[in-house]
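What follows is a single structure, written as structure tokens, with notes after it.
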Amino acid sequence: MTKVVFITGGVMSSLGKGVATASISNLLSRSGYTVSPIKIDPYINIDAGTMNPYAHGEVFVTDDGGETDLDIGHYERFLGKNLSRYNNITTGQIYLSVIQKERKGEYLGDTVQIIPHITNEIKRRILDVAKEQNADIAVVEIGGTVGDIESLPFLEAARQLRLDLGFLNVVYIHVALVPLNRSTGELKTKPLQHSVQELRRIGIQPDIIIGRSEVELTESIKNKISLFTNVSVDMIFSDPDVQTIYEVPLLFHSQGLTRKLVERLGLRYREPDLSDWERFVHKIKSSDRSVKIYMVGKYTSVRDSYLSIVEAVKHAATEFGVRPEFRWVEATEVEKGKIDVESVIDSDAGYIILPGFGKRGAEGKIKVLRYLRENRLSVLGICFGLQLMAVEIARNMVGLDRANSTEIDPNTPYPVVDMLEEQKKIKMLGGTMRLGSRRAVLKKGTLVYKIYGKEVVYERHRHRYEVNPKYIDRLENAGFIVSGYSDEGFPDFMEMKGYRFYLGTQAHPEFKSKPLEPAPLFLAFIESIL
Ligand code: GLN
């Protein structure tokens, strides 16, 4: 029987609940249990694919083509395992399926209501995903904060599930902020007391409390939390600020959380083997030499917009014992002339031309790319980044004035990047891009082939446009060669021949990078800068 651990959040969002959930999943998995981490997003969108990074941070893409919340990325990285689109549940998905069932007549005769129809659907989904993935334990993070209107049906379902499955099979963990009053140096527990009260009002008494704070919780603070929340002191844990998020599982484990949780679930405790994880964390923390990485994109003020790329860079840099130092370049500012291109050209650094959509900022990226290519610096173009590399080369090396992507200029005389044929017929925009894991066959003798060390590779995709096959001959004659094609014949990897590292990919290699298994392209990119 599947056991379920629910993780709720209190006081405020963006506390690191996703990292806490990923860390707990990591510990349970390393204790020998199969874990299915699930993220619940209480918004009405069916998935994160239709939201922009300002609203929601990065859209993470799974092998099976799900456009999910970025927490799924944390889970994959902490578990070292690929998940499915079904690991992300939204209010939109729940209501859509209940309404479709109602139309089919599955509830004939009934008044369809939040309780029990919506809550049943929520419980069914959680248990189905866990069953599908043969999980011993589902670790379910309920997005948002206790007290939000949107999350109520999910909390209600969580409450009911203990009644359905029994006391030993369901555990509630509450992660809440314990703010530090800087003027008195005191940790304040009142906000946490209130969020627990709110949970109890809904009918959920937490079994475990994790206090998110700048510093560790003291014994007296734990005693106070215990008294007001009815949770025994040995079930209260600290989640203080740390140098790297990858330290959090070790921190939880050192406080005894793994054993307490496993035993609370009525399972046999086996000491988890954390040695490789410890080595990785030690290496991150002791990397003192730095490597400069310029990130050229359009949502640079919201760092979570490019979360997986940042993490992939960290994984690769750590492998070489160096620490990445990110410099963010806002392409829209370059475009408007507010940032001088030469001021961001740094011969010691590497550059990532970030993924993106739409016209804004594109000319800024093209401007930067020209300088980078002319100076032969290390450049990695990801998705839109590759497409703009092709546009820049078409304009400045092939001599096709006003060459462009039809996404940016539909009337360009030279559509060097154009919409995929299969995309032209599609009218619905949600979940209809070319998505998920795709096969590419690499050409022997290219840098990309050398990097992967094999002919057939799989990376994840999320795009509607591609480098137009009609222009490949001209681009290749200018030195920008195709190093790998997708099965459908699209250029999935391109590189400047003879350059140290001037390379673009239509894929998103960042999504598959794991701490203990960095992505090959990122490793080679870092190596080329060093
Ligand atoms: N906008 C481009 C496309 O749809 C690139 C997308 C991306 O960078 N993920 O093809």
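What to note about this one:
- Shown is the FRET efficiency for D348 and Y107, computed with R0 = 56 Å from the Cβ-Cβ distance and rounded to the nearest 0.05: 0.30.
- Extension gain (nm, one decimal) between S290 and K81, 0.36 nm per residue minus Cα-Cα: 72.4 nm
- Cα pair distances of segment 81-173 binned at 5 Å [whole percent]: 2, 12, 22, 24, 20, 13, 6, 1, 0
- Positive-end extreme of charge dipole, the chain - chosen from S195, L354, I24 (charges on Cβ): I24
- Listed by chain and number, the lysines whose C-alpha is less than 22 Å from the C-alpha of K104, apart from same-chain residues fewer than 8 away, are K123.
- Seen from every direction in turn and averaged, the convex hull around the alpha carbons of the chain projects onto 26.3 nm².
- Carbon/sulfur fraction of accessible area - segment 1-93, other protein chains in place, 1.4 Å, %: 53
- Per-selection metrics, segment 163-213 (Cα): Rg and Dmax in Å: 13.7, 47
- Mean Cα-pair separation over length for the chain, i.e. relative contact order, pairs under 8 Å, 6 or more apart, %: 15
- Computed from the C-beta positions of R201 and N181, the FRET efficiency with R₀ = 22 Å rounds to 0.25.
- Segment 449-516 - charge dipole about Cα centre, Lys and Arg +1 at Cβ, Asp and Glu -1, debye rounded to 20: 260
- Averaged per residue, segment 341-397 has 31 square angstrom of accessible surface, using a 1.4 angstrom probe with ligands and nucleic acids left out.
- Only Lys, Arg, Asp and Glu carry charge here, each on its Cβ (+1 for the first two, -1 for the last two); on that basis the chain has a dipole of about 160 debye about its Cα centre.
- A 1.4 Å probe run over the protein chains yields, for segment 218-268, 45 Å² of accessible area per residue, whole-number rounding.
- Taking only the Cα atoms of segment 425-530, the radius of gyration and Dmax are 14.3, 46 Å.
- Zero-based 10 Å bins, Cα pair distances in segment 436-483, whole percents: 23, 44, 33, 0
- Per residue, the Cα convex hull of segment 182-271 amounts to 110 Å³.
- Segment 1-152, accessible area per residue, ligands and nucleic acids excluded (1.4 Å, Å²): 38
- Among the listed pairs K359/K424; K283/K514; K131/K314; K81/K314; K188/K314; K17/K188, those beyond 23 Å (Cα-Cα): K131/K314; K188/K314
- Of the residues H508, I472, G484, the one whose Cα sits farthest towards the positive end of the charge dipole of segment 460-530 is H508 (charges of +1 on Lys and Arg Cβ, -1 on Asp and Glu Cβ, taken about the Cα centre).
- Among V448, G431, T412 the positive-end extreme of the charge dipole of segment 400-453 (Cβ point charges): V448
The values are calculated or read from the model by the stated rules, or taken from the named source; none is laboratory data. A quick note: this is a predicted structure, and the numbers were derived from the prediction, not measured. Don't worry about glycine lacking a Cβ; one is built from the backbone with ideal geometry, like all the others, and counts go over all protein chains shown. Side chains included, ligands, DNA and RNA excluded: accessible areas come from the protein's heavy atoms. Shrake-Rupley method; radii C 1.70, N 1.55, O 1.52, S 1.80 Å.
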